[in-house]
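Reading through the structure tokens given below for one structure.
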Amino acid sequence: MNAMRLDELALLPDNPRYNIKAISEQTGVNVSTLRAWESRYGFPEPHRSESGHRRYSERDVALVKWLRHRTDEGVTISQAVDLLQHQLAQSPILPPVPPASTVLTPASQTPTRTEISFAITALLDALSDVNFQEAQRLFEAVCQSFPLEVALLDVFQPLMVEVGERWLNGTMHVTGEQLGTTLLRQWLLSKLQTERSVTHPVRIICGCAPDEQHDLGLLMLALLLQRRGHEILFLGANMSLSGLTDLLQRLSPAVLCVSVSLIEHVPDLLRISEMTNSVATEGYNVALVYGGHAFERHPALLAQMPGHFIGNDLATATSRVHALAGDVAEGRIGKQALSGWLRERGSYLADEFEFAKDRTCGTVALKLAEVYPELGQIPGRPNGTPWREQIYSETPRRFHLMLQVVLRCQALDVIEQEYRWAWNLLPRFGIRQEHLLSQVKWYFESMEELIGVERRDRVHFESFKAAVTERVWRSTGQYLTLTENAA
Ligand code: B12
């Protein structure tokens, strides 16, 4: 059996099935030798029944056979075990071969198909057996060792679909389904929470139709969109419609993503669309995007639906929502384009900004120093040099001056030119895109608080912020993900 076959062995189930006599008969390795291998090399390491008897899995059988073939070829058993451990260590989800190896495919490397299907099979086994610890271990291994997009799109999504199939045909108890849902949901929510970072101010709201419980697909979409830098408000399952109109007006999101899995919740989309239409008449343009299992089952419904259906494939949907959000935020879809508003209101806003300049720039400087104390610490130069001072206090002022030009001359594009030029220098001083985007965010936050944006300017003000941030983002480094590459 060559190395490739060994890789395939990893796909076999690991649930306990055979006693020692049965595995001995199947492999031709006698019972005492099996015990000796176990005590000397820690392998095979069988499960134990409640009464303490050894129980071996299909995978154990295959691995013992593999060892026997090696010894038949003249390799010593200790060399064969070494070889086995070495080869299994190449696989991201290791069957527990002692000493328990933790060598995983680094998250930056794309796992092989075998590794992916092994992960799915192993997870399905653990869920079918309602083996909480094993399921949790495998979930963690996948999350740690696979790139996020691969974990979501290639492992967890097909896993959940298969879980649904097994539940339907009675081969998996509902508890297994619940266990999978809980582990996945917890992990996705914690990712959404911890990965929140400043980039675009383009806001996107994600929620499931009222009474709809299936929120995992939407949660994945939310996480992928957040990775593109959007500000996500995740309302989750069973979204309430009573305060939705108000929420849309208050938060002025560029996109509202709605998920519908069960057909009975489809009519709610019509109600939601009435709400997005009604806020649009007041100038709050929100693109309604919908998707979910219901439309996979009943594509004929699509023709009757309002809003945008951009497909259920999460990678493509992420790119499309990203593009749509940019369009809406920049007012391309809106009644009055951003450039028109800038012509009309730019100078007024510039005056307002000028009035609040000192306080805002002071606030931003303090925040920069507090959140990024490492900034400006150039090797070989003592701390507190004028350079550090300049980073913290001068950069918000320069940003302010640039916005004055943008607002008074209605020249959004100068931002891109200026930042492209600066980006030739800044990384050398340890400045990252995140620092620049944080500065932009804090500047606008402070300005909004101080000047109190008038109601009639609110929508365009949001678009303006988005347009500025987008340009800073675009001209300072890259934010490439697998999904983006694929798009
Ligand atoms: C986990 C699960 C549950 C969990 C949900 C937990 C949670 N927080 O999500 C629980 C246990 C609560 C549950 C309950 C029920 N479930 Co259920 N469930 C599933 C299961 C196994 C997985 C769902 C899942 O997460 N899939 C993985 C995600 C990634 O896929 P997805 O949700 O389909 O989303 C995809 C796309 O649609 C898209 N997408 C989703 N939303 C959006 C939104 C936008 C804007 C975009 C662009 C894209 C997009 O992204 C994904 C990529 O394709 C599915 C099986 C399946 N085939 O999906 C059954 C399944 C959906 N459930 C089903 C059923 C019947 C039910 C119940 C009625 C069962 C019952 N009697 O209790 C209840 C109904 C609850 C309710 N009122 O909503 C059936 C639905 C069949 C049908 N006729 O439509 C399924 C298909 C199982 C089956 N094989 O029959 N369920």
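Sort out which residues of the range 170-219 are assigned to a strand (DSSP E or B) and near the ligand (Cβ under 9 Å from one of its atoms), and write them in order of number. Spell out the reasoning first.
So the first thing to find is which residues in the range 170-219 are assigned to a strand (DSSP E or B), and the list is 203-208.
Selection gives Cys206, Cys208.
If you go through the range 96-108 one residue at a time, do you hit one that is at pLDDT 75 or above, in the same structural domain as Thr182 (by TED's automatic domain parsing) and under 39 Å from the mean Cα position of the chain (by Cα)? First the steps, then the outcome.
So the first thing to find is which residues in the range 96-108 are at pLDDT 75 or above, and the list is none.
No, the range 96-108 contains no residue that is at pLDDT 75 or above, in the same structural domain as Thr182 (by TED's automatic domain parsing) and under 39 Å from the mean Cα position of the chain (by Cα).
Please enumerate the residues belonging to the range 445-472 that are in contact with a helix residue (DSSP H, G or I) (Cβ under 7 Å, 6 or more places away or on another chain) and β-branched (Val, Ile, Thr).
Correct list: Ile451, Val453, Val468, Thr469, Val472.
What number goes with the only condition from (1) surrounded by fewer than 22 Cβ atoms within 10 Å (Cβ to Cβ); (2) in contact with a Pro (Cβ under 9 Å, 6 or more places away or on another chain); (3) outside the structural domain of Ser273 (by TED's automatic domain parsing) that Leu183 does not pass?
Of (1) surrounded by fewer than 22 Cβ atoms within 10 Å (Cβ to Cβ); (2) in contact with a Pro (Cβ under 9 Å, 6 or more places away or on another chain); (3) outside the structural domain of Ser273 (by TED's automatic domain parsing), only one is false for Leu183: (2).
For the range 386-460, give me every one of the helices (runs of 4 or more DSSP H) that falls completely inside it and has 1 or more residues that are more than 31 Å from the chain's Cα centre (by Cα) and over 24 Å from Ser339 (Cβ atoms).
Details: elements: 386-389, 395-409, 413-422, 433-451.
Fully inside the range 386-460 and qualifying: 386-389, 395-409, 433-451.
Taking Leu256, is it farther than 13 Å from Asp211 by Cβ, modelled with pLDDT of 95 or more and either out of contact with any Phe, Trp or Tyr (no Cβ under 8 Å at 6 or more places or on another chain) or part of a helix (DSSP H, G or I) (or both)? Let's see the steps before the verdict.
Values: farther than 13 Å from Asp211 by Cβ: yes; modelled with pLDDT of 95 or more: yes; either out of contact with any Phe, Trp or Tyr (no Cβ under 8 Å at 6 or more places or on another chain) or part of a helix (DSSP H, G or I) (or both): yes.
The answer is yes for Leu256.
Confirm whether Phe295 is within 12 Å of the ligand (Cβ to nearest atom), over 30 Å from Glu470 (Cα atoms) and out of contact with any Gly (no Cβ under 6 Å at 6 or more places or on another chain). Steps first, please.
Numbers: within 12 Å of the ligand (Cβ to nearest atom): yes; over 30 Å from Glu470 (Cα atoms): yes; out of contact with any Gly (no Cβ under 6 Å at 6 or more places or on another chain): yes.
When the stated conditions are applied, Phe295 passes them.
Go over the candidates Arg250, Arg228, Arg297, Arg203 one by one and state the one that is in contact with a strand residue (DSSP E or B) (Cβ under 6 Å, 6 or more places away or on another chain) and in the same structural domain as Ala315 (by TED's automatic domain parsing).
Values: Arg250 fails: in contact with a strand residue (DSSP E or B) (Cβ under 6 Å, 6 or more places away or on another chain); Arg228 fails: in contact with a strand residue (DSSP E or B) (Cβ under 6 Å, 6 or more places away or on another chain); Arg297 fails: in contact with a strand residue (DSSP E or B) (Cβ under 6 Å, 6 or more places away or on another chain).
Only one candidate passes the filter, namely Arg203.
Hey, could you check the range 155-169 for residues that are surrounded by fewer than 22 Cβ atoms within 10 Å (Cβ to Cβ) and under 21 Å from Leu225 (Cα atoms) and say which is farthest from the ligand (Cβ to nearest atom)?
Pro158
Given the residues Ser261, Ser240, which is the only one that is of a type in the set (Ser, Thr, Tyr), outside any helix (DSSP H, G or I) and within 14 Å of the ligand (Cβ to nearest atom)?
Working: Ser240 fails: within 14 Å of the ligand (Cβ to nearest atom).
Testing whether each residue is of a type in the set (Ser, Thr, Tyr), outside any helix (DSSP H, G or I) and within 14 Å of the ligand (Cβ to nearest atom) leaves just Ser261.
Test Arg271 against the criterion of being basic (Lys, Arg), part of a helix (DSSP H, G or I) and either within 12 Å of the ligand (Cβ to nearest atom) or closer than 30 Å to Glu434 by Cα (or both), and give yes or no.
Details: basic (Lys, Arg): yes; part of a helix (DSSP H, G or I): yes; either within 12 Å of the ligand (Cβ to nearest atom) or closer than 30 Å to Glu434 by Cα (or both): no.
No; evaluated as a whole, the condition is false for this residue.
All but one of (1) modelled with pLDDT of 80 or more; (2) more than 8 Å from the ligand (Cβ to nearest atom); (3) crowded, with 17+ Cβ neighbours inside 10 Å; (4) not aliphatic (A, V, I, L, M) hold for Tyr284; state the number of the condition that does not hold.
Among (1) modelled with pLDDT of 80 or more; (2) more than 8 Å from the ligand (Cβ to nearest atom); (3) crowded, with 17+ Cβ neighbours inside 10 Å; (4) not aliphatic (A, V, I, L, M), Tyr284 violates only (1).
Tell me which residues, restricted to the range 134-154, are surrounded by 22 or more Cβ atoms within 10 Å (Cβ to Cβ), touching a residue at least 60 places away in the same chain (Cβ under 8 Å) and more than 11 Å from the ligand (Cβ to nearest atom).
Once the filter is applied, which keeps residues that are surrounded by 22 or more Cβ atoms within 10 Å (Cβ to Cβ), touching a residue at least 60 places away in the same chain (Cβ under 8 Å) and more than 11 Å from the ligand (Cβ to nearest atom), the range 134-154 yields only Glu149.
Based on what the data block shows, is Ala325 small (Gly, Ala, Ser) and either away from the ligand (no atom under 16 Å from the Cβ) or in contact with a strand residue (DSSP E or B) (Cβ under 6 Å, 6 or more places away or on another chain) (or both)? Outline the logic, then answer.
On the way: small (Gly, Ala, Ser): yes; either away from the ligand (no atom under 16 Å from the Cβ) or in contact with a strand residue (DSSP E or B) (Cβ under 6 Å, 6 or more places away or on another chain) (or both): yes.
Spelling it out, Ala325 is indeed small (Gly, Ala, Ser) and either away from the ligand (no atom under 16 Å from the Cβ) or in contact with a strand residue (DSSP E or B) (Cβ under 6 Å, 6 or more places away or on another chain) (or both).
The values are calculated or read from the model by the stated rules, or taken from the named source; none is laboratory data. Since the model is a prediction, treat every value here as computed from it, not as a measurement. Note: ideal-geometry Cβ built from the backbone for every residue, glycine included; neighbour counts use all protein chains shown.
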